[in-house]
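The values are calculated or read from the model by the stated rules, or taken from the named source; none is laboratory data. Because the structure is a prediction, the values reported are computed rather than measured. Heads up, the Cβs are rebuilt from the backbone with ideal geometry, glycines too, and the neighbour counts pull from every protein chain shown.
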Amino acid sequence: MNSLHVIFEQVVAIVQNSEQELLSTYALQLGVLPIFLLGTLAIVWHLKKRRKKEEMMMRDLTRDKLQEIRKSEVDMEGLLKSIHQAHELYKQLSSKCHPDIFINSDKHAVSELLFQEITKNKRNYVKLEELKIRAIEELDINLKK
């Protein structure tokens, strides 16, 4: 009977130890949970604060850019000419300065470079006017003014 009593005490000790381990595991988990929640809340708060700061910076940047645009002067005459007259001047220059017209001529290389510039600036009236003067001088062509 004595051995049964010893075995019973050993079983009780094992159960008590496992209960203590289980309780300490729960206590550890319960201790970590609030720390985890506080850390998560701190991260979320920091991200929201950073996003708000970035939004404010974007608003300030947009406001500054708008003020800069309002202060800038726009060449309306050049803009309207670019819109309405650039296409007509481009057609005239591209037909008169085409490199195929100057084949077997010493002006062929000049006409190629000039034609590339004309094509590149086909919507820029001011630049096309400059190229027109250059074409008259370098290619000796007759363009109506």
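Residue 100 falls short of the stated requirement of being not assigned by TED's automatic domain parsing to the domain that holds residue 132 and not aromatic (Phe, Trp, Tyr).
Can you pull out every residue in region 87-145 that is of a type in the set (Asp, Glu), closer than 23 Å to residue 75 by Cβ and surrounded by 14 or more Cβ atoms within 10 Å (Cβ to Cβ)? Within region 87-145, 117, 129 qualify. Filtered by the rule that a residue be surrounded by 14 or more Cβ atoms within 10 Å (Cβ to Cβ) and of a type outside the set (Gly, Ala, Ser), region 67-86 gives a lone residue, 81.
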